[in-house]
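First up is the structure itself, then whatever we jot down about it.
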Amino acid sequence: MPMDLKIIKIGIIIFLLAAVAVIHHLPIHGFLGRHILHRELFFFPIVMAALWFGLRASLITAVAASIFYAQFFYHNIDSSRLSVAVVGLQVAGFNLMALLTGWMVDRQRRQRRERDFLNETFGKYVSKAVRDEILGGRVTLNGELKEVTVLFADLRNFTRLVETLPPREVVTVINAYFKSMAEAINAHHGLVLQFIGDEIEAVFGAPVALENHQQWAVDAALDMRTRLSQVNLNLANQGFPPLRHGIGLHTGNVVAANIGSTQRLSYALVGETVNIASRIQDLNKEFDTDILISDAVRQGLNRCIDMNPLPPVTVKGVRDPLHLFSIDPQPFVCVEPR
């Protein structure tokens, strides 16, 4: 709230309290004037303080109203005609109104801040359409089997860089990389699941179904390659060494759900598809490439992509050999659309 507006609202509340206190001393005769009119008028500044400033301000206003109300009857009303209990009940009514109204306003403001924080934070890692679907409750997070494309990206030789740079500079470098890569994934309707050390895990096709998720994932990987060049240019201008990464993609079925303990949950993928995608990413080191995709990803592409077929490779924990393709800067084999 702007300071000028805040001061004006405080002034209005003080003016209302003073005005009601003055009305108390006007010659309004009868029970209606003594009790009903004065009582109802005091609720206005109390409620306004709650709506504008929350619980603390409403309680302060209620205490002030209680003092004015009790003081009037103490000096102007015969105690034999009006019991102290009646005044006490009315004072309790002022404070109860302040407590309830202020608590509800504070609760709504807290929920609004949490919702805005989630919208802002979640929107950094997913597209607006995906974010709105999830936060709108139109997507189940309790567990479902989905076909998706999983992407892993890992920085090369980053451990050595960590050992040579001060901690603050390490954070600067890796945050610049993560920010740019997350933007590329987000721009192609992917979801960043987590940052693990210097690794990124992302998914295309969950929690919101995505047509042609293989193509979106490959386009995101190509965009990440382009953005890495820009990141390196910016880092070079700051005196930092260039970064290299490897990206692996695989398509298959996963169990997608909120997973964790009662204290902490995270949206995660479970299944062999995730393990294979991670292994494919790691194979970039062996083949000296930066983007590797599985045959399952290749089969889902809907436009021509220049790629190089690699010899079948057997990896630990996977029964069948993997048929991989590297998407290199130079054209090799053009895969026609389906």
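Once backbone amide H atoms are built at 1.01 Å from N, V208 has no partners under 5 Å, excluding neighbours fewer than 5 places away on the same chain.
Straight Cα distances below 13 angstrom link K285 to the aspartates and glutamates D154, with same-chain residues fewer than 8 positions distant left out. Between beta-carbons, use under 11 Å as the cut-off and find the net charge around D288, counting Lys and Arg +1, Asp and Glu -1. Combined, the nearby Lys, Arg, Asp and Glu give 0. Amide H contacts of V318: none lie under 5 Å away among residues 5 or more positions distant or on a separate chain (H built 1.01 Å from N in the peptide plane; Pro and chain starts excluded).
The mean sequence separation of alpha-carbon pairs under 8 Å and at least six residues apart, normalised by the residue count of segment 224-338, gives a relative contact order of 22 percent. Considering segment 141-335, its Cα convex hull presents a mean projected area of 11.9 nm². In whole angstrom, how far apart do the alpha carbon centroids of segment 177-250 and segment 267-323 sit? Value for the Cα centre distance between the two parts: 16 Å. The relative contact order of segment 141-335 comes to 23 percent, based on Cα pairs under 8 Å that sit 6 or more residues apart.
Highest average first, the peptides 158-171, 286-299 ordered by how many other beta carbon atoms sit within 10 Å of their residues are 286-299, 158-171. Protection proxy ranking of 145-153, 218-226, by the mean of other Cβ atoms within 10 Å over each peptide's residues and highest first, is 145-153, 218-226.
FYI, it's all coordinate maths here, none of it is from the lab. Owing to the predicted nature of the structure, the values given are computational and were not obtained by experimental measurement. Counting neighbours? That spans all protein chains shown, and the Cβs are built from the backbone with ideal geometry, glycine included.
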